[in-house]
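All remarks here apply to the structure that follows.
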Amino acid sequence: MQLQLTEEERAFREEMRTFFNDEVPKELRDGIGRGDEQFKEAVVKTQQLLNAKGLAVPSWPEEYGGQDWTPLQKHIWHEEMQLAGVIPPLAFNANMIGPVIANFGSDEMKEKFLAKTANLDIWWCQGFSEPNAGSDLASLSTKAVRDGDDWVINGQKTWTTLGQHADWIFVLCRTNPDVKKQAGISMILCPMDAEGVTLRPIQLIDGGHEVNEVFFEDVRVPAENLVGEENAGWTYAKFLLGNERVGVAPVGATKRNLAIAKEKAQETGALDDPALQATIVDLENELLALELTALRVAANSDGGKPHPASSVLKLKGTVLQQAVSELLVDVFGPLSVGSGAADVADGSDLPALARTATPTYLNLRKASIYGGSNEVQRQIIAGNILGL
Amino acid sequence: MQLQLTEEERAFREEMRTFFNDEVPKELRDGIGRGDEQFKEAVVKTQQLLNAKGLAVPSWPEEYGGQDWTPLQKHIWHEEMQLAGVIPPLAFNANMIGPVIANFGSDEMKEKFLAKTANLDIWWCQGFSEPNAGSDLASLSTKAVRDGDDWVINGQKTWTTLGQHADWIFVLCRTNPDVKKQAGISMILCPMDAEGVTLRPIQLIDGGHEVNEVFFEDVRVPAENLVGEENAGWTYAKFLLGNERVGVAPVGATKRNLAIAKEKAQETGALDDPALQATIVDLENELLALELTALRVAANSDGGKPHPASSVLKLKGTVLQQAVSELLVDVFGPLSVGSGAADVADGSDLPALARTATPTYLNLRKASIYGGSNEVQRQIIAGNILGL
Amino acid sequence: MDFLLDDEQEALRDAVRGLLKGYDAEKRRQVTDADPGFDEAMWKKLADMGVLGLPFPEDVGGSGAGPAEVSVVAEEIGRVIAPEPFVEAVVFAGGLVAALGSDGQKKEILGGLSAGELLPAVAWMSPHGDDEGVTVDGDTLTGVKEPVLNGARADVLLVLAEGGLFVVKGEDVDAHGERTSYRTVDGGRAARVSFDKTPATPLGDGGDAHDAFEMLVAIARIAYGHEALGAMESGLSMTTEYLKTRKQFGVTLNTFQALTFRAADMYTSVELTRSIVMWATMVLADAGDPALVKDAARRSKLQVSRAGRHIGQEAIQLHGGIGMTMEYAVGHITTRLTTIDHLLGDGREQGRALRENLTSYGVVEPLP
Amino acid sequence: MDFLLDDEQEALRDAVRGLLKGYDAEKRRQVTDADPGFDEAMWKKLADMGVLGLPFPEDVGGSGAGPAEVSVVAEEIGRVIAPEPFVEAVVFAGGLVAALGSDGQKKEILGGLSAGELLPAVAWMSPHGDDEGVTVDGDTLTGVKEPVLNGARADVLLVLAEGGLFVVKGEDVDAHGERTSYRTVDGGRAARVSFDKTPATPLGDGGDAHDAFEMLVAIARIAYGHEALGAMESGLSMTTEYLKTRKQFGVTLNTFQALTFRAADMYTSVELTRSIVMWATMVLADAGDPALVKDAARRSKLQVSRAGRHIGQEAIQLHGGIGMTMEYAVGHITTRLTTIDHLLGDGREQGRALRENLTSYGVVEPLP
């Protein structure tokens, strides 16, 4: 048992802190709206800045831009990035399709995609969920049929996050309907501008456009766009979803948001209420316990085996992320109802954060649903860890 | 919609309030320990006092001592009794076996038992639960076999509350093992001093002796001790358990305890903490909502149909009862650890309530388990009310 | 003591329910996409049914009904989360005029409101979170109020300034000031309203409006409780319906006990809320001590805040992703519950106020 | 940054675990039924293993180990909820002597404690809930302390009086005062200890003991956190075992998802608690600023209070009636968690103290 970081780790933390705070421009870090063109630009610029320093895809194999970091270093990188308010590398690129191609793709595929994926020259989106599948991902029905040198894709995907910005999509398709459902799935790469691909925005309750439906109608892609082996897509999908043990819980970002809420509450006078103080103390303490758990996982995860506490990170991490977003709404009280004031910037005297607090709160209701709902996490804990 | 009680109802409330506060001696209302002889005496004295005024068994048929009251009157009677700290009539007598005998017993059985049951000349206990049955009551295995003019009972009951004071027990026995489990059960009355009946105390974590195991070894009782029809016991048990819609939630007692906690917190200075004040405000408000729900059920229950909100009363009632008991422990803080000081009364300077706060808190963990656990209540709400 | 509606109240409920029947998610979305954020035609229909004049005296065009009738309407509005500003315009703004206005003002504003021809709005919040921001100078007002619910659409604004209430015509603001409108969280509209020596008339005799304003805040809190209750009941029934029909892993969701138990907890929240908001309305109807009404309003709002968050959050969670979309009604419910929660004081604010009197009584006594 | 035990610490853990192995519910019940509420023979065995002198310097009979080793023992004590007063006597009372005592006092008290021959107890609470109650008059003390944990059995009492700490022999209390012993909630013993011109010696130089006392309170809070963690882990594992084996309605309880999900939430509580109590011990081991240790102790105790209630209540609820009985270990766990919660400040008290510094920092930084 040892509290202190090693001298190297401390130097590493300092290096990260300095870079994120001093070398990522402030305008890229603050007040980025979601879902608009300005947002896309900020994401791309940030990732390219990070990539230039080797900080965009540290978990990848070193030959493709990864870093030979310990899990603790990855944790530090991730936390410092969030604490500084830096937009993290696009998950679809950095955490999802990149590692899959690096591990399972052909040499041609690696050559064609990896560098551009790391640098966000290609923006990827995910074609997994379907309207009738929900948490039961493997029951998907989008089909890909081999026709000569092509795959022909037909079907519908949904919840495709930021698909409106994407150049390419990685799609799970059923390529063999005659075996048990997990066994007949392949992963295929498809350009978003291919003929027959249509994107339909889904409006969310926060008023924003973040997710989409994607329709495939006789979409043809060359056979080489198949990732790895035919019918092995489920394996890749599981690899992809279980790939990251670092950054499962958005601790740094939530800490930052809680500090902002505290600061604003002081400004508005809401912090004079001891009951609000008590809420903040509780949240800070739960967040501390969560951060320490994330550190424990990072510092002491042995080899490739997922630490049992990973599901705790996801579960508790989203609960706290949501609670802090709820707190910020409370801090602004009735001023928080004027969310649309963000669109008439000069025509409103409401504090900027008052305008975005509720949309953020509403948007984050998704955090306990997407990416393995909290019910799925409880199932994992009960089944895999407790053996129930 | 009408807030006011009618003039008659108001007069009735006043009459109840006056009787409970002025005519039930204070020493019967305050500081009664659980499980000892002094406790038994207080219970008996109180019930006899109530019975003399016609207030012990108001829900029974009028010819056996009941009252022709509206549900709202019953509610008022029950609340005022609790608010004054009066020990309510023994549930096993007043709410359970009494109504069963009155409704399903033979004339001889009514003659023999009802008056004494109302007056607590006979103390009844309940022989329902068994070690291997739990919430699945109907899977009981205690057997009664007809032998000439007798029933011969063999088996074991458990969780028999206050069995150590009881003169008689009403026992659910399996009398036909060859039909589906609910269909082969009979209810039989048995004296606790019958040969072959053994009582073993179960020590609870509050240090008290409140429940018991009861063993039956070739216990013979005359055939006339069968309640109603052979193999109809499950019907009577359901009648008995579903009998009372008034008083499902211990609102009055919990209100009283919360007021006491508030008063003590003022005395000890604990109430200076706004976080404790906030907890009390929340509890008071939830309790208000519960009381109003109980009133709603009482004022507007139509005929014999159980109001759908009854399960809400049980569920939320026990949750609040437990929360208030927990609050009282918090109020006394470290002084609450000295529970055993109650046994050395003159050798301790701890406040009397500090000594009993934690045992009460621990004892009340049972409230969400016994008498239809909160899980069972949720099942009822989900299944019967929401149709899930 | 009676929680039931009488026959007339039930008839009113059925009539309003019938009128609002078509308000599904799609209709609501269309309506709220365009200014003024509610359906003018529906507003007129509500007027024609007598709903907009419900609580006002007959001599100014109302029907002189009581709090119970108002609560019935608010609940039906909430049930389909109709975006029409019944509580805002009729209960709160209209209530202020009824309480304080001169005969002429009542006739004009309440008459117009009852007929669906004049929409009043209350401008009380400043963008700094207090109720200041506007100063009085002779017969004019100067300063900023924001957010003003329905502030841009309103024909008449009731402006809280220096402790008094003033009647300002919308057109006068446009001539001497500005109104910038935007969407609110729930798809409604609010505005920044700036006054620049804008002509204004005192409401009534122009005295200190504090007491009446506090009382109307209490009455609006109670009415919001019913609107929220209606929304919660719909949120619960949509959720149970979804659990019964949606299949996952080859079975319907109600096979999963962890989900059905959470629906049971939602039911518990809704039932407790129903009891307390109905009680608050009965306390109001019983008139008597204004302090009792204010206390009941706070208690009701506290429960509504807690239950509204519970229902709003769980309804989405149990629906999964679909609950996050504007295509599905359940998310609309959450946005409306969130809005109501933060108007006129959330649960923490009610708790803070209730703490102040904590030692002045032993137990809470709901019945006089 | 490393949360793992080293080989020696693991060996210590295994040794203590082995020694305490027989502590099932029945043994614990027998032991706690009789005075002094713990097993004197087991206490001696712990001494022989070196556990009772663990944190003390070797020259007074200890083994000079650090907070990590202490935490390992506390966790094992908690795992079987052994009633031996390790935290009370070794960590708290012994710690006070080690911090403030003269060489002679250390030799005598810590030597005797390490050898299992002398039991010290701290008398700090008054029956009015503060730490007063006893006054100093020359070389004697007069007044009442209650509840004093293990007060009647203790050979030596460390009495907090007028801001200083005093050493009082148990036999001197019996001659000049009185000790009335009774059971505590968790089956241990506490006493009312009255002093009547009872001879007393200052601990150490007799100066103000406030700072050292506060520091030892923090250290004991941290150690209690580990004891509670051990108990929580047992509570969880007993509960999962029970869910797997207990049948209801013809199936094992783990068929009911509503129950298994609650077990999953218990696991989450336990894992979060483990992280924070281990961190607090590492902060302590890292020495440095006492303010950091006190802060870490409060944060640890706050989490332990919340999680202890959660685990203690759910473990009983998921067991059903059997969990209420002394025959089954899970109820013992709840009584011990409840006791630890209320000793040295419950969660609300820690929260109250943490609120005071809330605006002095932006984010909580766990790593120096």
Could you pull the copy-to-copy label distances for D:V251, with points set 7 Å along Cα to Cβ, in nm to one decimal and sorted shortest first?
0.6
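Using unit Cβ charges (K, R positive; D, E negative) and no other charged atoms, how large, in debye to the nearest 20, is the dipole of chain D about its Cα centre? Please list the in-between numbers first.
Details: 35 positive and 56 negative charges, 342 e Å.
In debye, rounded to 20, chain D gives about 1640.
Would you work out the Kirkwood radius for the stretch C:83-241? I mean one over the mean of 1/r across all pairs of different Cα atoms, in Å. Don't skip to the end; give the middle numbers.
Values: mean 1/r = 0.0627 Å⁻¹.
Mean inverse Cα-Cα distance, inverted, gives 16.0 Å.
Using per-residue counts of other Cβ atoms within 10 Å, averaged over each peptide, order A:290-297, C:124-131 from highest down.
Listed from highest to lowest mean packing, they are A:290-297, C:124-131.
What's the Kirkwood radius of the stretch D:120-202 in Å, using all Cα pairs? Write down the numbers at each step before the final one.
Values: mean 1/r = 0.0831 Å⁻¹.
Here the Kirkwood hydrodynamic radius works out to 12.0 Å.
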Please report the relative contact order for chain B, taking Cα pairs under 8 Å with a sequence separation of at least 6, and give it as a percent rounded to a whole number.
13 percent
With only alpha-carbon pairs counted, each pair once and no self-pairs, how large is the Kirkwood hydrodynamic radius of the stretch B:190-311 in angstroms?
19.4 Å
Expected response for nearest chain B Cβ to the B-A rotation axis, distance in whole Å, is B:P274, 2
So if I take the centroid of the Cα atoms in the stretch B:221-240 and the same for the stretch D:252-314, what is the distance between those two points in Å?
51 Å
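Work out, step by step, the length gained on full extension between D:D137 and D:D103: first 0.36 nm times the residue separation, then minus their alpha carbon distance; give nm to one decimal. Please list the in-between numbers first.
Details: separation 34, 0.36 × 34 = 12.24 nm, distance 2.46 nm.
Taking D:D137 through D:D103 to full extension adds about 9.8 nm, to one decimal.
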Tell me, what is the percent relative contact order of the stretch B:7-89, built from C-alpha pairs under 8 Å that lie six or more residues apart?
40 percent
Around D:E162, which amide H atoms from residues at least 5 apart in sequence, or from another chain, sit under 5 Å from its own amide H, with H modelled in the peptide plane?
D:V134
Would you kindly work out, in nm and rounded to one decimal, the distances from the label point of B:S106 to those of the same position in each other copy, ordered shortest first, with label points 7 Å along Cα-to-Cβ?
9.2
In whole angstrom, how far apart do the alpha carbon centroids of the stretch C:8-41 and the stretch D:203-229 sit?
65 Å
Rounded to a whole number of µm²/s, how large is the Stokes-Einstein D of the protein assembly as shown at 10 °C and 1.306 mPa s, given Rh as the Kirkwood radius over C-alpha pairs?
45 µm²/s
With the Cα gyration tensor of the stretch B:1-107 giving a ≥ b ≥ c as the square roots of its eigenvalues, does the rule (a/c under 1.5 for rounded; else a/b larger than b/c for prolate; else oblate) give rounded, prolate or oblate?
oblate
For D:L54, other-chain or 5+-apart residues with amide H closer than 5 Å (H placed, Pro excluded) are D:S63
Once the label point is placed 7 Å from Cα along Cβ, list for D:R29 the distances to the corresponding points in the other copies, in nm, shortest first.
6.3
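Quick one: with all protein chains in place, what share of the accessible area of the stretch D:7-114 is carbon or sulfur, to the nearest percent (1.4 Å probe)?
On the way: 1970 of 4070 Å².
Answer for the stretch D:7-114 is 49 percent, counting heavy atoms of protein chains only.
Where a ≥ b ≥ c are the square roots of the eigenvalues of the C-alpha gyration tensor, would you call the stretch C:210-358 rounded, which needs a/c under 1.5, or, failing that, prolate if a/b is larger than b/c, or oblate? All intermediate terms of the calculation are to be shown ahead of the outcome.
Values: a/c = 2.80, a/b = 2.42, b/c = 1.16.
It is prolate, given that a/c is not under 1.5 and a/b is the larger ratio.
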Using a probe radius of 1.4 Å on protein heavy atoms only, what is the accessible area buried between chains B and C, both sides summed, to the nearest 100 Å²?
4500 Å²
Using alpha carbon positions and the Kirkwood radius, the Rg to Rh ratio of chain C is 0.98
Summing -39500 (n - 2.57) over every DSSP H run of at least 4 in chain C, dividing by its residue total and rounding to the nearest 500, the 222 nm mean residue ellipticity is -16000 deg cm²/dmol
HN-Hα J in Hz across the stretch C:117-133 - Karplus 6.51, -1.76, 1.60, θ = phi - 60°, x for Gly and Pro
10, 9, 10, x, 9, 9, 10, 10, 8, 9, x, 9, x, 10, 10, 9, x
Spin-label model distance (nm) - A:Q4 vs B:A52, 7 Å beyond Cα toward Cβ:
8.1 nm
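Kirkwood Rh over Cα pairs of the stretch B:119-210 into Stokes-Einstein at 4 °C, 1.567 mPa s: D in µm²/s?
Numbers: Rh = 14.1 Å.
Once the numbers are plugged in, D ends up at 92 µm²/s.
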Which ³J(HN,Hα) values in Hz, rounded to whole numbers, follow from the phi angles of the stretch B:263-280 under the Karplus curve 6.51 cos²θ - 1.76 cosθ + 1.60, where θ = phi - 60° and Gly and Pro get x?
4, 5, 5, 5, 5, 7, x, 4, 6, 5, 7, x, 5, 5, 4, 4, 4, 5
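Starting from the Cα gyration tensor of the stretch B:245-385, multiply each eigenvalue by 5, take the square root, and state the resulting semi-axes largest first in whole Å. Please report the intermediate quantities before stating the final value.
Numbers: eigenvalues 209, 56, 29 Å².
After scaling each eigenvalue by five and taking roots: 32, 17, 12 Å.
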Theoretical FRET efficiency, 1/(1+(r/R0)^6), r = Cβ-Cβ of C:D155 and C:K21, R0 35 Å, to 0.05
0.80
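Using the heavy atoms of the protein chains and a 1.4 angstrom probe, tell me the accessible area per residue for the stretch B:63-209 in square angstrom. Each step should come with its number before you reach the end.
Working: 5490 Å² over 147 residues.
Each residue of the stretch B:63-209 exposes 37 Å² on average to a 1.4 Å probe.
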Eight or more residues apart or on different chains, and alpha-carbon atoms under 25 Å: count the Lys pairs in the stretch C:7-114 matching that.
8
When N is the residue count of the stretch D:7-114, what does its C-alpha Rg come to as a fraction of 2.2 N^0.38 Å?
1.06
Protein-protein interface of the stretch D:324-364, residues with accessible area decrease of at least 50 Å², isolated chain reference, 1.4 Å probe:
D:M324, D:M326, D:E327, D:H342, D:R348, D:R355, D:L358, D:T359, D:V363, D:V364
Ranking B:S325, D:S181 from most to least accessible area with a 1.4 Å probe gives D:S181, B:S325
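Output the DSSP H helices from chain C with an along-axis C-alpha extent of no less than 15 Å and a mean Kyte-Doolittle hydropathy no less than 0.5.
Numbers: long enough: C:7-19 (18 Å, -0.88); C:67-79 (18 Å, 0.22); C:210-245 (52 Å, 0.22); C:257-285 (42 Å, 0.69); C:290-319 (42 Å, -0.53); C:329-342 (20 Å, 0.09).
Answer set is C:257-285.
Divide the volume of the convex hull of the Cα atoms of the stretch B:34-97 by its number of residues and quote the answer in cubic angstrom per residue. Please list the in-between numbers first.
Numbers: hull volume 5.6 nm³, N = 64.
Once divided by residue count, the hull of the stretch B:34-97 is 88 Å³.
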What is the sum of charges, Lys and Arg at +1 and Asp and Glu at -1, for the other residues whose Cβ falls under 14 Å from the Cβ of D:V173?
-1
With every atom except the alpha carbons ignored, what do you get for Rg and Dmax of the stretch B:160-251, in angstroms?
15.3, 44
Scan around D:R189 for amide H atoms under 5 Å from its own, H built in the peptide plane at 1.01 Å from N, and keep only partners 5 or more places away or cross-chain.
D:N150, D:T184
Projected onto the charge dipole of the stretch C:210-358 (+1 at Lys/Arg Cβ, -1 at Asp/Glu Cβ, origin at the Cα centre), which of C:T338, C:Q257, C:A291 gives the Cα projection farthest towards the positive end?
C:Q257
Convex hull volume of the Cα atoms in chain A, per residue, in Å³?
155 Å³
Mind checking the dipole of the stretch A:60-108: about its Cα centre, +1 per Lys or Arg Cβ, -1 per Asp or Glu Cβ, Debye to the nearest 20?
240 debye
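When the dipole is taken about the Cα centre of the stretch D:120-202, and only Lys, Arg (+1) and Asp, Glu (-1) are charged at their Cβ, what size is it in debye, to the nearest 20? List each step's numbers first, then the result.
On the way: 8 positive and 14 negative charges, 71 e Å.
Once rounded to the nearest 20, the dipole reads 340 debye.
Probe radius 1.4 Å, ligands and nucleic acids ignored: give me the carbon and sulfur share of the accessible area of chain A as a rounded percent.
Working: 7080 of 14890 Å².
Using a 1.4 Å probe with all protein chains present, chain A comes out at 48 percent carbon and sulfur.
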Where a ≥ b ≥ c are the square roots of the eigenvalues of the C-alpha gyration tensor, would you call the stretch D:245-301 rounded, which needs a/c under 1.5, or, failing that, prolate if a/b is larger than b/c, or oblate?
prolate
Of D:A121, D:Q313, D:S234, which is farthest towards the positive pole of chain D's charge dipole, taken about the Cα centre with +1 and -1 on the beta-carbons of Lys, Arg and Asp, Glu respectively?
D:Q313
Could you give each residue of the stretch A:38-55 its phi-based ³J(HN,Hα) in whole Hz, using Karplus coefficients 6.51, -1.76, 1.60 with θ = phi - 60°, and x for Gly or Pro?
4, 5, 4, 4, 5, 4, 5, 4, 4, 5, 5, 4, 5, 4, 4, 8, x, 10
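The values are calculated or read from the model by the stated rules, or taken from the named source; none is laboratory data. Since the structure is predicted, the reported quantities are computational estimates derived from the model, not experimental observations. Don't worry about glycine lacking a Cβ; one is built from the backbone with ideal geometry, like all the others, and counts go over all protein chains shown. Heavy atoms of the whole protein, side chains included, go into the accessibility calculation; ligands, DNA and RNA do not. Shrake-Rupley method; radii C 1.70, N 1.55, O 1.52, S 1.80 Å.
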